[in-house]
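The values are calculated or read from the model by the stated rules, or taken from the named source; none is laboratory data. None of the values given here were measured: they were computed from a predicted structure. No Cβ is skipped: glycine too gets one built from the backbone with ideal geometry, and neighbour counts run over all protein chains shown. With ligands, DNA and RNA removed, areas are computed over all heavy atoms of the protein, side chains included. Shrake-Rupley method; radii C 1.70, N 1.55, O 1.52, S 1.80 Å.
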Amino acid sequence: MEQQLEVFVKSDVIIGMHGAGMANVIWARSGTTVIEMFPQRKKRYSFRRISALVGLRYIEYRGGSDGRDEDKAIMTSEFECFLKDQENCIWERKRFNERK
């Protein structure tokens with residue numbers, strides 16, 4: 001348990017499938033980016049709310065294809081493209097804030 005908490009405290013980015021393991025985002029530092037993966041049709045907002053309370057940057061990911069038991073298959077190229085888009089958004093936001 002201590003090792004899990006240490007990983008969340010030290011991480012700049014946390015990526016995980018929706019589930020109980022995401023509860024550890026409560027230990028993340030303010031400003032940490034959280035990317036939560038969902039089955040395409042599942043609507044849950046608990047970790048988004050926790051992230052907002054703790055001051056985290058929350059992003060949901062619903063890409064890929066879903067299996068019967070909420071399994072998720074994601075092509076590496078698709079997820080890389082998603083991450084690059086997020087990185088560009090972060091970069092643009094930083095540049096905008098520096099101009100103020």
Lys, Arg +1 and Asp, Glu -1 on Cβ, resulting dipole of the chain about Cα centre, debye, nearest 20: 560 debye
Estimated [θ] at 222 nm from DSSP helical runs (n ≥ 4, -39500 (n - 2.57)) normalised by residues in the chain, nearest 500: -13500 deg cm²/dmol
For 13, 25, 54, what's the largest-to-smallest order of accessible area, 1.4 Å probe? 13, 54, 25
Ordering 68, 44 by how much accessible area each has at a 1.4 Å probe, largest first, what is the list? 68, 44
Mind checking Rg over Rh on the chain, alpha carbons, Kirkwood formula for Rh? 0.99
So what does residue 83 come to for accessible area, using a 1.4 Å probe and Å² rounded to 10? 60 Å²
Given the protein chains as shown and a 1.4 Å probe, how many square angstrom of residue 84 are accessible, to the nearest 10? 120 Å²
Given R₀ = 22 Å, FRET efficiency for residue 53-residue 9 by Cβ-Cβ distance, to 0.05? 0.85
Largest-first ranking of 65, 11 by accessible area, probe 1.4 Å, whole protein assembly kept, is 65, 11
Any idea of residue 59's accessible area? Nearest 10 Å², probe 1.4 Å. 20 Å²
